[in-house]
Amino acid sequence: KSHAAAYAMLGAVTAWFKKYHPAIYMAETLNIFKESKKFRHYLHVINEMGIRILPPDINVSGGEFMAKDNDIIFGLGGIKFMGQNADYIIKERDARGEYIDLSNLIDRLLDYQQTNKRAIEGLIYSGALDSFAGTRNAKIKAAEFLLDNKKTTQKNVSRGQISFWDMIPEAKIPYKTASVPEFDKRYLMEKEKEFAGFYVTEHPLDEVMPFLKHNNITNISEL
C-alpha cells in the first residue's frame, strides 16, 4: 500500500509540474530520454503543447536541453561530434565572456587544444553559430582556413618563430566572413538532422501539415 501511495504522490507532483512549469518539465524529459526511442515521441508532444525548441546557441545554450521563458533551448552536448568540446565551450564562455565571431571562437578553443573541424562543422550545421555574421555556407568555407591558420601560428610560436605583429595583439586584423549565398533549404534541414538528431528550425513536412490536420489524418504514433 505504501508503494502504491508513493506512486500516486509522484504522479500528482509530476502532473502539477507539467501543468504549471511545462517548458522546464519537458526540457528535463528530453534530457532523460535523449538516447531513447521515446525521444521523437516527446518532440511531438512538445510541439502539440505549443512549446518551441530553439536551435542551439553558442552564447546561450548549456550542455543539455534547458528552458528559457516558455521555450526549450537545444543543448550543445546534443550536437554530433561535440564530445568534450561542449564543456570547454561553456567553461571558456563563463570565464571570458561571449564569443564574438567564428574566428574568436576557434582562437579561444584552440588555446585549450580542444576543438577540431568536425566539432566546428557540427556547431555551424546545427545552427549554434547563426548569431554570427554570414551564412552557414560561408562559415563552413571559413572554418577550415581559420583552423589551419591558428594551428600554424601555434606551431610557429612553439618553435620561437614569432613575427613582429604577433607581439602586438592589437595589430591583428579581424577576420570577416565572406559574403557567400546560403545552402539550399532542403540541404540545410538534412544537415541539421544529421548533426542535431532531428530537424531543428524547420521540418520537411511543415508545408503539408495544414493539409494533414484539415483532413483529420491520424499520426502513426497515435495508432
* Asked: Phe74 fails exactly one of the following numbered conditions: (1) surrounded by fewer than 17 Cβ atoms within 10 Å (Cβ to Cβ); (2) under 17 Å from Thr201 (Cβ atoms); (3) among the aromatic types (Phe, Trp, Tyr). What is the number of that condition?
  -> (1)
* Can you tell which of Ile89, Ile53 is touching a Phe, Trp or Tyr at 6+ places or on another chain (Cβ under 7 Å), at pLDDT below 95, within 30 Å of Asp107 (Cα to Cα) and not charged (D, E, K, R)? -> Ile53
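For the condition of a type in the set (Ser, Thr, Tyr), out of contact with any Leu (no Cβ under 8 Å at 6 or more places or on another chain) and within 22 Å of Tyr199 (Cβ to Cβ), what is the one hit in Ser61, Ser126? Lay out the reasoning, then the answer.
Numbers: Ser61 fails: out of contact with any Leu (no Cβ under 8 Å at 6 or more places or on another chain).
Of Ser61, Ser126, the one residue that is of a type in the set (Ser, Thr, Tyr), out of contact with any Leu (no Cβ under 8 Å at 6 or more places or on another chain) and within 22 Å of Tyr199 (Cβ to Cβ) is Ser126.
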* To do: Could you tell me whether the stretch 130-138 includes any residue that is within 25 Å of Thr29 (Cα to Cα), aromatic (Phe, Trp, Tyr) and at pLDDT 90 or above?
  => no
* Structure fact -> Per the filter on the stretch 1-34, residues loosely packed, with under 10 Cβ neighbours inside 10 Å, assigned to a helix (DSSP H, G or I) and among the basic types (Lys, Arg) are Lys19
* Among the residues of the stretch 86-98, which ones are open to solvent by 10 Å² or more (accessible area, probe 1.4 Å) and of a type outside the set (Val, Ile, Thr)? -> Asp87, Tyr88, Lys91, Arg93, Asp94, Ala95, Arg96, Gly97, Glu98
* Counting only residues that are modelled with pLDDT of 75 or more, more than 22 Å from Lys38 (Cα to Cα) and surrounded by 10 or more Cβ atoms within 10 Å (Cβ to Cβ), how many does the stretch 192-223 have? -> 2
* To do: Check whether at least one residue in the stretch 18-28 is under 28 Å from Phe132 (Cβ atoms), free of Cβ contacts under 8 Å to residues at least 60 places away in the same chain and not polar (S, T, N, Q), and report yes or no.
  => yes
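One line per residue, one yes/no per condition, for (1) within 20 Å of the chain's Cα centre (by Cα); (2) closer than 25 Å to Glu190 by Cα:
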| site | (1), (2) |
| --- | --- |
| Ala5 | no, no |
| Leu10 | no, no |
| His21 | no, no |
| Pro55 | yes, yes |
| Asn59 | yes, yes |
| Phe65 | yes, yes |
| Gly83 | yes, yes |
| Arg93 | yes, no |
* **Candidate set from the stretch 99-123 (those that are in contact with a Leu (Cβ under 8 Å, 6 or more places away or on another chain) and aliphatic (A, V, I, L, M)); member that is surrounded by the most Cβ atoms within 10 Å (Cβ to Cβ)** => Leu123
* Structure fact -> Selection from the stretch 124-149 of residues open to solvent by less than 40 Å² (accessible area, probe 1.4 Å) and within 15 Å of the chain's Cα centre (by Cα) yields Ile124, Tyr125, Ser126, Gly127, Ala128, Leu129, Phe132, Arg136
* Asked: Quick one: would you say Gly83 is open to solvent by 30 Å² or more (accessible area, probe 1.4 Å), free of Cβ contacts under 8 Å to residues at least 60 places away in the same chain and outside any loop (DSSP other than H, G, I, E, B)?
  -> no
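For the stretch 1-25, name all the residues that are basic (Lys, Arg) and more than 20 Å from Ile73 (Cβ to Cβ).
From the stretch 1-25, those basic (Lys, Arg) are 1, 18-19; that's our starting set.
Within the stretch 1-25, Lys1, Lys19 qualify.
Would you mention how many residues in the stretch 35-60 are in a helix (DSSP H, G or I) and open to solvent by 70 Å² or more (accessible area, probe 1.4 Å)?
Step one: filter the stretch 35-60 for residues in a helix (DSSP H, G or I), giving 39-48.
Adding the requirement that they be open to solvent by 70 Å² or more (accessible area, probe 1.4 Å) leaves 40-41, 47-48.
Here the count works out to 4.
The values are calculated or read from the model by the stated rules, or taken from the named source; none is laboratory data. Bear in mind that the values here come from a model prediction, so they are computed numbers and not experimental data. We place every Cβ from the backbone using ideal geometry, glycine too, and count neighbours over all the protein chains shown. Just so you know, the surface numbers come from the protein's heavy atoms only, side chains and all, with ligands and any DNA or RNA stripped out. Shrake-Rupley method; radii C 1.70, N 1.55, O 1.52, S 1.80 Å.
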